[in-house]
Amino acid sequence: MSLTSEQQQILLTLAKASIVHGLTYGKALTPSLEDYPDSLLKPAATFVTLNKQQQLRGCIGMLEPVRLLPIDIAENAYAAAFKDPRFPPLQSSELALIDIHIAILTAPEPMTFSSESDLLAQLQPGIDGLILSEGFRRSTFLPAVWQSLPKPQQFLNHLKQKAGLPASYWSDTLTIARYRTESFPDDMT
């Protein structure tokens, strides 16, 4: 999508406003679409990640572009703050300690591989986000996760575990799709 720094700031401001709105009203902010430039009024799949003192505090997103970008950001920011099942709902006392990061996803591209070692050889650490699917199980890691899981085998094993599979699991029916993200601000740790 290649956003300007001004467009990125607009979206970061929207994400924070939706969280503040959630603290006050218990629901996501509904953005007035006429307040946004046409360049931002496109369907997009996004993730909003909240960090508190450089530790994950919430992360929610969509893998498919089903909502317009401002709506997706507002909904995911609210959900990351209040609906991530791994964390209690955000408290107003935490707001000043939260760093907001946004990732806009490209369309997922199915990968073709003959074995786990073939798949691992194709992975691009720091660049690829992955979606793993096996039957009804599905999980994803954004490219930013490579910072804490830098080795392809480690990244894949944790992705399997996130889907509820053993780290050593392998099957001919396992599917992997890759995507990239435009993430900002770019100082995510």
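We did not get these values from a lab; they are worked out from the coordinates using the rules stated. Source: prediction; values computed, not measured. All Cβ positions, even for glycine, are placed from backbone atoms using ideal geometry, and neighbour counts span all protein chains on display.
A few points about this structure:
- Principal-axis tilt of helix 152-162 within the chain, Cα atoms, nearest 10 degrees: 70 degrees
- Close amide H partners of residue 67, meaning residues 5 or more places away or on another chain with modelled amide H under 5 Å apart, are 44.
- Debye, to nearest 20: dipole size of the chain, +1 on Lys, Arg Cβ, -1 on Asp, Glu Cβ: 600 debye
- Burial ranking of peptide ranges 68-74, 51-57 (average Cβ count within 10 Å, highest at the top): 68-74, 51-57
- Per residue, the average separation of C-alpha pairs within less than 8 Å and at least 6 apart gives the chain a relative contact order of 21 percent.
- Cα long-axis angle, helix 69-82 against the chain (0 to 90 degrees, to the nearest 10): 80 degrees
- For the stretch 1-85, the Cβ-based charge dipole about the Cα centre amounts to some 380 debye (Lys, Arg positive; Asp, Glu negative; other atoms uncharged).
- Near residue 72: Cβ cut-off under 11 Å, other residues only, Lys/Arg at +1 and Asp/Glu at -1. The net charge is 0.
- Farthest towards the positive end of the charge dipole of the chain, among the residues 121, 145, 65, is the Cα of 145, using unit charges on the Cβ of Lys, Arg, Asp and Glu.
- Two-decimal ratio, the stretch 5-105, of alpha-carbon radius of gyration to 2.2 N^0.38 Å: 0.99
- Over the stretch 123-189, the hull volume per residue, using the convex hull of the C-alpha atoms, is 82 Å³.
- Extension gain (nm, one decimal) between residue 116 and residue 33, 0.36 nm per residue minus Cα-Cα: 25.4 nm
- Sorted on the mean count of surrounding Cβ atoms within 10 Å across their residues, most packed first, peptides 8-17, 127-136 read 8-17, 127-136.
- Applying Stokes-Einstein at 37 °C and 0.692 mPa s to the Kirkwood radius of the chain, computed over alpha-carbon pairs, gives a translational diffusion coefficient of 190 µm² s⁻¹.
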